[in-house]
Number of protein chains: 2
Amino acid sequence: MRVIRAGIDTYQQPVVYMHRDCEICRSEGFVAMTRVQMQLGHRTLIATLNVVVGDMVAVDEVALSEAAWNALAPEPGVLASFRHPEPAASVGALRAKVFGERLDESQYLALMQDAVASRLSDLELAAFVAASAGERMDQGEATALTRAMLAVGQRLDWGEGLVLDKHCVGGLPGNRTTPIVVAIIAALGYRIPKTSSRAITSPAGTADTMEVMAPVALDLPAMRRVVEREGGCIVWGGNVRLSPADDIMIRIQRPLDFDSDGQLVASVLSKKIAAGSTHVLIDMPVGPTAKVRSEVAGAHLATRLGGTASAFGLELDVYRSDGRQPVGVGIGPALEALDVLKVLRNDADAPADLRERSVALAGALLEMVPGNAAGTGASRANEVLDSGRALAKFLAICEAQGGFREPPHAEFTADVTAGVSGRIAAIDNRRLARIAKLAGAPGSPAAGLATALRIGHVVQRGQPLFAVHAQSRGELAYALEYAATAAPFAVEEVA
Amino acid sequence: MRVIRAGIDTYQQPVVYMHRDCEICRSEGFVAMTRVQMQLGHRTLIATLNVVVGDMVAVDEVALSEAAWNALAPEPGVLASFRHPEPAASVGALRAKVFGERLDESQYLALMQDAVASRLSDLELAAFVAASAGERMDQGEATALTRAMLAVGQRLDWGEGLVLDKHCVGGLPGNRTTPIVVAIIAALGYRIPKTSSRAITSPAGTADTMEVMAPVALDLPAMRRVVEREGGCIVWGGNVRLSPADDIMIRIQRPLDFDSDGQLVASVLSKKIAAGSTHVLIDMPVGPTAKVRSEVAGAHLATRLGGTASAFGLELDVYRSDGRQPVGVGIGPALEALDVLKVLRNDADAPADLRERSVALAGALLEMVPGNAAGTGASRANEVLDSGRALAKFLAICEAQGGFREPPHAEFTADVTAGVSGRIAAIDNRRLARIAKLAGAPGSPAAGLATALRIGHVVQRGQPLFAVHAQSRGELAYALEYAATAAPFAVEEVA
């Protein structure tokens, strides 16, 4: 079968498109959604079959989805052969987990090996996620899974010395402390090689925000050069692919969203250990619309993180923060970048909450370093910010990543005003995020919304609650229409 | 967005293809594999998004997979709108099940309503299957799930009188008793409206075998006409769609293959009750390569089936049969049909085991009818077969379904011979099935294999073990190549 490119993005799932009347479908008894093993020179790939009944491919052609195309990187005109894949070796382990057994390290290793080789289907991975939900994956298993995820990925070695990192579990709109923390820590001479994600369901990921200020799609050698020169970086993890097993698990876990401390621990720590980190601070926002919803749940998760970290000799602290409302003014890549730059530049209108959080996190991370006295971290962080050294370091990192640029401003903006006077009793983070997405974020980097209002603030009827930013009139109207009914701010009339 | 047909078969999964640069992807923040809700006139459908990066669709077009196209049946040039779907109402119930809770009837109803409306993703359905595996779905839950599956489907009403049925759990190659049992039962004046499945992973389903002798893709009114005229039918269940929830669950369960008596009970009984059956005989082959692997497992499943059946006032008996080896001579649609016709025609070379099983099953089903004396069923079945009345009834049913035809014969055949002399110690049903599929079954109905050898038979070196039948030289070679290494017959040298 002649290989062509389908030009269809099915995210990470490899899909092949064959004609219903092709020889191979007939002889192998392949039907739609069969899993097939493709051989292309020395490379093999297991993919899901979609059967073409129209004219997208000829009977002697096979078209590959982007994930399959990128995995195999075929030469023009190359031929592929197909067969039924052998059952994955880890199917027994999967079955055991589904039936309630505890798995050992070799079983988790088999599962992760098959996951990265795409020998396990998405249905099987979903079954694994469900079977590991809640308390069904204990501390020892989380450690075993972490080890397995590490074994099937890469592991960075930075040589001598400390490697610091910070990580936030569960997003809060506008909580864009990472660029500031990295700038502070690197300005103080520590190594902090930070990889971040793009938005999947949120209006901006740290990588999206950083990208409006500098290139982020660096590969591993480029990332290493930046860190060797400047001590820190803020790059998109997608091109670095330190933990391919985690990338796959996240693809399945995110839409299912079954809480599991065990899976979260393995996901976070496998990436940190793979990045060569020695000291990690976890930012854990706690609030009713945040990922961690109560102090009890937070304490439990912190214990689990600490337990597995210490099994790998990784120093880990947890910083529990307010997860009830957004941080900073902007929500959306460019608007958040503006907040970051204002803090770094010590602008008069820099959002105080974003600065405070960044200083607290940088301070806590500094105090994890052996020899640094307790209670000195925040003041050192403030000093570095005030002196402009953090800004200088941030700009140097941007230059090393490919060049600093100012964030763009949106072409259209409109205010949404309060319908009644009163006190803001609650803020729905998810509705704010949705408005920013409807306005075009993160696809249009300048889109999103801006608000400085917080719980407890008193507003007057007709006063702006937030401003919507968009790059087209249509998207602006779209966001405003939803905003009119969604009421992300709950305003209590004051008696 | 203008709706066009993609001409891509993704089995039952609705998929929509939109261009990466389309307005809707940008404004809604849709990315590959997002689930989107499509509005088309008064109809809505939830589908998975595949993002086109090539030229398959224009930026103002959306292409629909076959499942989406068939579900919406769009008029030419019609426009569709899209938005994010609301979370399914049953997500709470799914979550509860995953976290180990017992669900009640209203929760199962919510799950099945969302499943048939495709508000639950395949990942969520897989999680549900995993969470219900093994003993995680008790008797009461199986009954509640059965009731929920019935509530979201159709239910046939045949008016007064008995409605008999037989069902086989777990396939055995060549175990094609259904056409014979239906012919016997209908010839004796009983009503037996039988729906059967096509092969998914096997070389032939009962519907495939029946189709080489008569049309089977009847819709519900046509099926009803056949049964009203002849008392029985053997049609493909896919066009009748009595239990859409079961069709969906089977699509997920089959590739995962986690045994669960609870799910199996709900699947089988929801279809039988929906078909209006009053008396059902379950054929349960037990053997190491069959679905039910031990007598203990068989007894347990029989108890569960009986318990739920009686909650619905359905009479149910289980007939446990030998599941160690194939039945009849042929494996593949036409070859199995030839066996069926030989039994019905009382040919001298009719496979004795297929006749015996059919008679035993028909006899057991007859003895379930109130007033029929125990021990008389098999002799009545034999009588009807011997007298030619079963054959006449079968031909009449075929005529009513659209006309009888003789099964085709394959163009190419080749024998596979014994490499050593000895006694057949075991037969691997799965390898035999694979050879038949490589030869082209069920896509080429005449393809498959034929063998009369059974466990205990003694063969001489060079003697044929089985004959491969194919419609092309390539497929024949392909099947023979695999057969040479697979050794489906374990021959023990006799000392």
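The values are calculated or read from the model by the stated rules, or taken from the named source; none is laboratory data. Predicted model only: the values in this text are computed from it and were never measured. Reconstructed Cβ throughout: ideal geometry from the backbone, glycine too, with neighbour counts over all protein chains shown. For the accessible areas, the whole protein counts, side chains as well, though only heavy atoms, and no ligand, DNA or RNA atoms are used. Shrake-Rupley method; radii C 1.70, N 1.55, O 1.52, S 1.80 Å.
If you scan segment B:249-289, which residues turn out to be crowded, with 22+ Cβ neighbours inside 10 Å, of a type in the set (A, V, I, L, M, F, W, C) and assigned to a loop (DSSP other than H, G, I, E, B)?
B:Ala275
Within segment B:322-376, count every residue that is among the hydroxyl-bearing types (Ser, Thr, Tyr), closer than 24 Å to B:Pro445 by Cα and open to solvent by 10 Å² or more (accessible area, probe 1.4 Å).
Count: 0.
Condition (residue is within 7 Å of chain B (Cβ to nearest Cβ) and modelled with pLDDT of 90 or more) applied to segment A:33-48: is it met by at least one residue?
Taking every residue of segment A:33-48 in turn, none turns out to be within 7 Å of chain B (Cβ to nearest Cβ) and modelled with pLDDT of 90 or more.
Please list, ordered by first then second residue, the pairs with beta carbon atoms under 9 Å, 6 or more apart or interchain, first in segment B:70-81 and of a type outside the set (Val, Ile, Thr), second loosely packed, with under 13 Cβ neighbours inside 10 Å and part of a helix (DSSP H, G or I).
As it stands, the answer is none, since no pair meets every condition given.
What number of residues in segment B:142-190 are in contact with a helix residue (DSSP H, G or I) (Cβ under 8 Å, 6 or more places away or on another chain), surrounded by fewer than 23 Cβ atoms within 10 Å (Cβ to Cβ) and β-branched (Val, Ile, Thr)?
Qualifying residue count, segment B:142-190: 2.
Report whether or not A:Arg304 is crowded, with 18+ Cβ neighbours inside 10 Å, basic (Lys, Arg) and either out of contact with any Leu (no Cβ under 7 Å at 6 or more places or on another chain) or outside the structural domain of A:Gly443 (by TED's automatic domain parsing) (or both).
It is true that A:Arg304 is crowded, with 18+ Cβ neighbours inside 10 Å, basic (Lys, Arg) and either out of contact with any Leu (no Cβ under 7 Å at 6 or more places or on another chain) or outside the structural domain of A:Gly443 (by TED's automatic domain parsing) (or both).
Suppose we keep only residues that are among the small types (Gly, Ala, Ser) and touching a residue at least 24 places away in the same chain (Cβ under 8 Å) within segment A:25-59. Which one would you say is surrounded by the fewest Cβ atoms within 10 Å (Cβ to Cβ)?
A:Gly41
So which residues in segment A:216-242 are under 14 Å from the mean Cα position of the chain (by Cα) and in contact (Cβ under 8 Å) with a residue 60 or more places away in the chain?
Answer for segment A:216-242, where residues must be under 14 Å from the mean Cα position of the chain (by Cα) and in contact (Cβ under 8 Å) with a residue 60 or more places away in the chain: A:Val216, A:Ile234, A:Val235, A:Arg241, A:Leu242.
When you check A:Gly440 against the structure, is it at pLDDT 95 or above, open to solvent by less than 20 Å² (accessible area, probe 1.4 Å) and not aliphatic (A, V, I, L, M), yes or no?
It is false that A:Gly440 is at pLDDT 95 or above, open to solvent by less than 20 Å² (accessible area, probe 1.4 Å) and not aliphatic (A, V, I, L, M).
Could you tell me which numbered condition A:Gly134 fails, if it satisfies all but one of (1) at pLDDT below 90; (2) buried (at least 22 other Cβ atoms within 10 Å of the Cβ)?
(2)
Being under 28 Å from the mean Cα position of the chain (by Cα) and away from every other protein chain (no Cβ under 14 Å) is true for just one of A:Ile455, A:Ile424, A:Ile435. Which residue is that?
Answer to the selection: A:Ile455.
If I ask for residues that are more than 14 Å from chain A (Cβ to nearest Cβ) and either within 18 Å of B:Gly422 (Cβ to Cβ) or polar (S, T, N, Q) (or both), which ones from segment B:458-482 would you list?
B:Val458, B:Val459, B:Gln460, B:Arg461, B:Gly462, B:Gln463, B:Pro464, B:Leu465, B:Phe466
Can you say whether A:Ala80 is closer than 24 Å to B:Gly7 by Cβ and open to solvent by less than 60 Å² (accessible area, probe 1.4 Å), as far as the supplied structure shows?
Answer is yes for this residue.
Residue-by-condition table, conditions (1) over 21 Å from B:Thr48 (Cα atoms); (2) more than 14 Å from chain A (Cβ to nearest Cβ):
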site: B:Gly77; (1), (2): yes, yes
site: B:Ala89; (1), (2): no, yes
site: B:Leu94; (1), (2): no, no
site: B:Phe99; (1), (2): yes, no
site: B:Tyr108; (1), (2): yes, yes
site: B:Ser118; (1), (2): no, yes
site: B:Ser121; (1), (2): no, no
site: B:Glu124; (1), (2): no, no
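Where the second residue is surrounded by fewer than 24 Cβ atoms within 10 Å (Cβ to Cβ) and assigned to a helix (DSSP H, G or I) and the first is on the phi > 0 side of the Ramachandran plot and modelled with pLDDT under 90 and lies in segment B:193-215, which pairs have Cβ atoms under 8 Å and are six or more apart or on separate chains?
Matching pairs, first to second residue: none at all.
Looking only at segment B:87-106, which residues are of a type outside the set (Gly, Ala, Ser) and touching a residue at least 24 places away in the same chain (Cβ under 8 Å)?
Scanning segment B:87-106 gives B:Val91, B:Leu94, B:Lys97, B:Val98, B:Arg102, B:Leu103, B:Asp104, B:Glu105.
So, in segment B:94-125, how many residues would count as being of a type in the set (Lys, Arg) and touching a strand residue (DSSP E or B) at 6+ places or on another chain (Cβ under 9 Å)?
Residues flagged as of a type in the set (Lys, Arg) and touching a strand residue (DSSP E or B) at 6+ places or on another chain (Cβ under 9 Å) within segment B:94-125 amount to 1.
Kindly indicate the residue of segment A:1-24 that is outside any strand (DSSP E or B) and open to solvent by less than 10 Å² (accessible area, probe 1.4 Å) and also nearest to the other protein chains (Cβ to nearest Cβ) among those meeting that condition.
A:Gly7
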